[in-house]
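What follows draws every value from the coordinates through simple rules; no lab data is involved. From a predicted model like this one, the values you see are computed outputs, not experimental measurements. Ideal geometry is used to build each Cβ from the backbone, glycine not excepted, and the neighbour counts take in all protein chains shown.
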Amino acid sequence: MAYRVAAFYQFAALPHFRELREPLRALCASLGLKGSVLLAHEGINGTLAGGDDGIAALIEALQHGPLFGNRLDRLELKLSTAEAIPFQRLKVRLKKEIVTLGDASVDPTRRVGTYVDAAHWNALISDPDTLVLDTRNAFEVAMGTFEGAVDPGIRSFGEFREFTAQKLDPQRHRRIAMFCTGGIRCEKASAYLLAHGFAEVFHLKGGILKYLEDTPESESRWRGECFVFDERVSLGHGLRERQK
């Protein structure tokens with residue numbers, strides 16, 4: 001049996017996020033799903049796996065059900081498959097941030113960089129005036145990245161601010177194109193850079209996963225595999241599982 005895997009997030013104001021934890025956990029359990037979901041005042045971030053019907057029912061409930069009251073109408077969603085269920089249990093956790101940057105002033109619901117879809121990404125990163133920036137952790141970059149991308153050498157996303165202060169300059173780096181696994185880190189990173197005077201900030205819509213899903217391997221600028229935070233470990237073009 002192949003399992004459906006849904007990776008999703010959205011920055012959205014959830015002032016009563018603590019009250020959503022138990023109803024959401026109960027919903028996921030009733031649908032036979034396993035994986036992890038983070039809830040915070042700034043939104044939702046999760047990866048869940050289960051049967052096709054269960055995942056479909058979850059996405060419908062998130063986007064249109066009464067639990068979130070249409071606040072997740074712009075949910076960023078990537079679907080893939082797994083031969084074995086890639087999670088052992090279900091966790092719904094409350095956090096200060098759904099992706100930890102450590103700067104409370106950054107609000108991706110107000111301003112983020114310019115989204116670039118997979119079809120136009122190659123042209124952007126081929127421009128010599130564009131600084132291509134991988135916002136992921138060093139061990140993820142080591143498994144695969146885009147040709148010519150800068151590796152910030154960070155151990156956690158919270159170190160991105162220090163990297164920016166030490167290595168990036170708004171006067172020298174006029175155009176930055178950044179990417180991450182599913183897009184969530186780039187939304188925060190782009191908001192942070194814009195707030196610190198960087199003029200042109202672009203990010204790959206849907207992240208590496210969307211690029212690997214949409215881009216033919218013969219046209220791809222991606223090299224290696226994309227690390228994912230579940231027992232599949234990494235995915236390749238077409239979101240295929242790595243060979244065991």
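Count neighbours as other Cβ atoms within 10 Å of each site's Cβ, and list the trypsin sites (Lys or Arg not before Pro) in the stretch 114-221 that are DSSP loop with at most 14 such neighbours.
Here the trypsin sites (Lys or Arg not before Pro) that fit, given the DSSP loop and packing criteria, are Arg155, Arg172, Arg174.
At 222 nm, what helix-only mean residue ellipticity would the chain give, in deg cm²/dmol to the nearest 500, using -39500 (n - 2.57) for each DSSP H run of four or more?
-8500 deg cm²/dmol
Mind running the shape call on the stretch 1-44? Use the C-alpha gyration tensor, a ≥ b ≥ c as the square roots of the eigenvalues: rounded below 1.5 for a/c, prolate if a/b tops b/c, oblate otherwise.
On the way: a/c = 3.81, a/b = 1.64, b/c = 2.32.
Oblate, since a/c reaches 1.5 and b/c is not below a/b.
Taking 0.36 nm per residue of separation and subtracting the Cα-Cα distance, what length does fully extending Ala199 through Lys91 add? Write out the running numbers ahead of the final one.
Details: separation 108, 0.36 × 108 = 38.88 nm, distance 3.92 nm.
Contour length minus Cα-Cα distance gives 35.0 nm.
Using 0.36 nm per residue, how much length does the chain from Ala142 to Glu231 gain when fully extended, once their Cα-Cα distance is taken away?
30.2 nm
Measuring from the lowest to the highest alpha carbon on each principal axis, how far does the stretch 160-244 reach, largest first, in angstroms?
Answer, in whole Å and largest first: 44, 27, 18 Å.
Based only on Cα atoms, what mean projected area does the convex hull of the stretch 92-235 have, in nm²? Could the numbers behind the result be given before it?
Working: hull surface 35.3 nm².
With the hull built on Cα positions only, its mean projection is 8.8 nm².
So for the pair Lys167, Asp214, with labels modelled 7 Å out along Cα→Cβ, what separation do we get in nm?
Distance between the two pseudo-spin positions: 2.7 nm.
Setting aside same-chain residues fewer than 8 positions from Lys78, which aspartates and glutamates have a Cα under 12 Å from its Cα?
Within reach: Glu213, Asp214.
Could you pull out which residues in the stretch 201-224 have an amide N less than 11 Å from a spot 7 Å beyond the Cα of Ala119, following the Cα-Cβ vector?
none
So what is Rg over Rh here for the stretch 76-125, counting just Cα atoms and using Kirkwood for Rh?
Computed over Cα atoms, the ratio is 1.08.
Step through the residues of the stretch 68-79 one at a time and calculate ³J(HN,Hα) from phi using the Karplus curve (6.51 cos²θ - 1.76 cosθ + 1.60, θ = phi - 60°), rounding each to whole Hz and writing x for Gly and Pro.
9, x, 6, 7, 10, 6, 10, 4, 7, 9, 10, 10
When the expected Rg is taken as 2.2 N^0.38 Å, what fraction or multiple of it is the alpha-carbon Rg of the chain?
Against the empirical 2.2 N^0.38 Å value, I get 1.00 for the chain.
Just to check I understand the Karplus step: with θ = phi - 60° and J = 6.51 cos²θ - 1.76 cosθ + 1.60, what whole-Hz values come out for the stretch 59-67, glycine and proline as x?
4, 4, 5, 5, 7, 10, x, x, 4
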